[in-house]
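Have a look at the structure below before the remarks.
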Amino acid sequence: MNALLMAANVALTAFSAMFMKKSKNVAGSGWTTGLFFTLFVAVFSIALLLLVNLFSVTLYPANYVFAFAYAAVGTVSTVVGLKAYAAGKVATYVVATTVGSTALPYLFGILFWNEGVTAVKMIGVALMLCAFVLKNLPKKGGQATETEKKKGAGGAVFLCLAGAVISGVANIVISYNARFAPETDAVSFSVLTQGFVFAIVVILLLARFPKTKAVLKENKALYGGRNFAACALYAATCGGALICSLEGAKHLPASVFFPVTCSGNIVLVTLLDYLFYKEKPTWKDLLAVAVIIPAIVLVSLG
C-alpha cells in the first residue's frame, strides 16, 4: 500500500508537469495567457478539492493570512513555470524547483528558527546546488532548445533561478502556517488558497483589461477544448498528488516519503519529457539527476 502511494504520487506529479507543458504548447506562454491558465486551474481545483472533502471546509484564523501569501507566490510560480517550459526542458525546471523548495527552507530555518546545522545536510545542499549548476550550464547549439537558440540560454537560467526561489518561499510560507495553525486540514487550506488565487488573477486581469481583451480576441486556443482539457488534467493530477501526499504522511515518515517521491519525480519527468516532447537528456542532464538524488536523501535523513 505504501509503495503504491509513493508510486502514484510520483506518477501524478510528473504527469502534471506534462499537462502544464501541453497547455503551453496549445495556448502559448505569455504573461496574460499564464494568468488565464492559473485561473482555469484554480476553478477546476476548487471543484475537485471540495468534492474530495465532501464540501466540508475547516479553517483557522492563521490560515487566511498564509493561504493568501501562498496564493500570491503560487500565482507567480505558475506563470513563471509556463515561461520556463517554453524556454527550456521541463526536467531542468523541476530540478530547479526541487533545489529551491528543499535548500531554501533549510537555510531559512538555520538563520531564523535556530534549527541545527548538520554536516550531512550541508553536503546535501551543496550537492543540490551542483545539480542546479549542471542543469543550467551553457549548451552547445545542437543541444539547445529552439527558444534558447533564438533568445540565448540566459532567459531560461533566470526563470529556473526564479522558480527555485519562488518554490523555496512557498515552502517557507507553508512552514509558518504549520507553526501557527498545526491543526490545519490540508485540503481545506488548498481550497482557500485556490480561492485566493482566483481572486488575485481576476484582479490582475481586470487591472490590465485592454491587454486581457486583446489576448481573448487573438488567442482562440486559450479557451478551446484542448486547453481546458490540459488545465483540468493538470488540476486533477495535482489534486491526486496532494491526496497521495496526505495519505503517505499518515503511514510513512517524511524521511522516507520525501526523498523517494522527489527522486522518482525527477527521473520520471526526465523520461516523460523525452517521450512526449522529444527533449533528449544530455550527459549533463543525466549527471545532474545522479547528483540530486543522493542530495535529496542526505537533506532528508541528515
Next on the checklist: I need D273, D185 ordered by Cβ neighbour count within 10 Å, fewest first.
Outcome noted: D185, D273
Checklist entry - Build a GNM of the chain with springs between Cα atoms under 10 Å: which of L54, L192, L272 gets the top mean-square fluctuation? => result L54
Next on the checklist: Between R179 and F209, what's the calculated FRET efficiency when r is the beta-carbon distance and R0 is 45 Å? Round to 0.05.
Outcome noted: 0.70
Checklist outcome for this item: Output ordering of 27-33, 284-290 (per-residue mean of other Cβ within 10 Å, highest first) is 27-33, 284-290
Item to check | Relative exposure of T118, T38, judged by other C-beta atoms within 10 Å (fewest first) | outcome: T118, T38
Next on the checklist: Need the full-extension length gain, Y277 to L51, defined as separation in residues times 0.36 nm minus the C-alpha distance. One decimal, nm.
Outcome noted: 78.1 nm
Next on the checklist: Counting other beta carbons within 10 Å of each residue's own, what order do K220, K250 fall into, fewest first?
Outcome noted: K250, K220
Checklist outcome for this item: Zone reached by a paramagnetic label modelled 7 Å from Y223 Cα along Cα→Cβ, restricted to region 16-42 with backbone N below 20 Å, covers 23-42
Item to check | Computed helical MRE - 222 nm, the chain, DSSP H runs ≥ 4 contributing -39500 (n - 2.57), nearest 500 | outcome: -28500 deg cm²/dmol
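When the convex hull of the Cα atoms of region 244-302 is projected onto a plane and the area is averaged over all directions, what value comes out in nm²? Please report the intermediate quantities before stating the final value.
Values: hull surface 17.9 nm².
If you wrap the Cα atoms of region 244-302 in a convex hull and average its projections, you get 4.5 nm².
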Item to check | Whole-Å semi-axes of the ellipsoid equivalent to the chain (Cα gyration tensor, √5λ, descending) | outcome: 28, 26, 18
Checklist entry - Of the residues L48, L268, L59, which exhibits the maximal mean-square fluctuation in a Gaussian network model of the chain defined by a 10 Å Cα contact cut-off? => result L59
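Quick note: the coordinates plus some simple rules give every number you see, no bench work behind them. In this text, all values refer to a predicted model and were calculated from it rather than measured experimentally. As a convention, Cβ positions derive from the backbone with ideal geometry for all residues, glycine included, and neighbour counts pool all protein chains shown.
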